[in-house]
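Remarks on the structure that follows.
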Amino acid sequence: MGRAPKRQSSLPPQTKKPRLPPAPKPGQTSTSQHLHKGEKEQQEATEHIDEVQNEIDRLNEQASEEILKVEQKYNKLRQPFFQKRSELIAKIPNLGVTTFVNHPQVSALLGEEDEEALRYLTRLEVTEFEDVKSGYRIDLYFDEKPYFENKVLSKEFHLNESGDPSSRSTEIKWKSGKDLTKRSRQTQNKASRKRQHEEPESFVTWFTGHSDAGAGERGEVIKDDIWPNPLQYYLVPDMDDEEGEGEEEDDDDEEEEGLEDIDEGDEDEGEEDEDDDEGEEGEEDEGEDD
């Protein structure tokens, strides 16, 4: 008899069970958990920094408001002293133009004719607007007016709400043949035909112009540097005098060095004479011995 066929088991074949990672021991966490926790801490710290910064900004705004009030208060307190100073300055001829000439940045704008016109300047005043931050006005007062009809020339600088600067100035009523803006333009054309369409750089063209990006910077120099204490630039020593004194000192030093050389030469000659005398005495002694 043949063998009976083998019976197949109806149970599915057994497979190996996947090995699970060991459970972490108490007090231990995985690397991914560490990273997740670190990112969360950074996010929380960033949010806290933003909150603190908002408080700082709020205090800065509050400080600006308080500083503005203080500036307004002391601007009013300073006015009587500015007025008294202006009256005293008017008694000193050419103080205004000398102050401008001695200032390194303002003097760069001054041509010979600018200086001549500013010799009739009797008073300079700077007035900040009520809220201080919105701008200021520069006033130039003249008694004698050989160049123009105006008694006062004013230039205002404004800042709008977006912080963009703008300016406007008095229209100068020039006397016949005295318009310095035309003369300045002609001088510039002669100096450089290539740049004849550009506005020349001078005090008058700065004062009457409004498109120059640096106009506000020069106005700030007058407001913040000259106006608070013009005397410091009026009393600046003349550089030519200082150079002359320096040259005289150099000449004196050279003369002293020359005298020292002469004295040393005399000493050397004296030593040579002494040597000659000693030699002659030695020859005489030898003659006597013979």
Legend entry - Estimated vicinal HN-Hα couplings, Hz - the range 43-54 in sequence order (Karplus 6.51, -1.76, 1.60; Gly, Pro = x): 4, 5, 5, 4, 5, 5, 4, 4, 5, 5, 4, 4
Inset, instruction - Give, rounded to the nearest 20 debye, the magnitude of the charge dipole that the range 72-119 has about its Cα centre when Lys and Arg contribute +1 at Cβ and Asp and Glu contribute -1 at Cβ. - result: 700 debye
Inset, instruction - On the protein heavy atoms, probe 1.4 angstrom, tell me the percent of accessible surface of the range 55-140 carried by carbon and sulfur. - result: 54 percent
Legend entry - Solvent-accessible area of GLU116 with every protein chain in place, 1.4 Å probe, in Å² to the nearest 10: 70 Å²
Inset, instruction - Determine the alpha carbon to alpha carbon distance for each of LYS133/LYS178; LYS151/LYS223; LYS175/LYS223; LYS84/LYS178; LYS76/LYS223; LYS133/LYS175 and list only those over 25 Å. - result: LYS133/LYS178; LYS175/LYS223; LYS84/LYS178; LYS133/LYS175
Inset, instruction - Rounded to whole Hz and in sequence order, give me ³J(HN,Hα) for the range 150-155 from the Karplus expression 6.51 cos²θ - 1.76 cosθ + 1.60, θ = phi - 60°, writing x for Gly and Pro. - result: 5, 8, 9, 10, 10, 9
Inset, instruction - Go through the range 158-170 residue by residue and turn each phi into a ³J(HN,Hα) via Karplus (6.51, -1.76, 1.60, θ = phi - 60°); whole Hz please, and just put x for glycine and proline. - result: 10, 10, 7, 4, 7, x, 7, x, 8, 8, 8, 9, 4
Legend entry - For the range 94-173, convex hull of alpha carbons as volume per residue, Å³: 109 Å³
Inset, instruction - Just reorder HIS158, HIS103 by solvent-accessible area, largest first, 1.4 Å probe, all chains present. - result: HIS158, HIS103
Inset, instruction - Rank by packing, highest mean first: peptides 149-155, 163-169, with packing defined as the count of other Cβ atoms within 10 Å averaged across residues. - result: 149-155, 163-169
Inset, instruction - Only Cα pairs under 8 Å and at least 6 apart count here; give the relative contact order of the range 34-183 as a rounded whole percent. - result: 14 percent
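The values are calculated or read from the model by the stated rules, or taken from the named source; none is laboratory data. Predicted model only: the values in this text are computed from it and were never measured. Cβ atoms come from the backbone with ideal geometry, glycine included; neighbour counts cover every protein chain shown. These area figures cover heavy atoms from the full protein model, side chains too; ligands, DNA and RNA do not enter into them. Shrake-Rupley method; radii C 1.70, N 1.55, O 1.52, S 1.80 Å.
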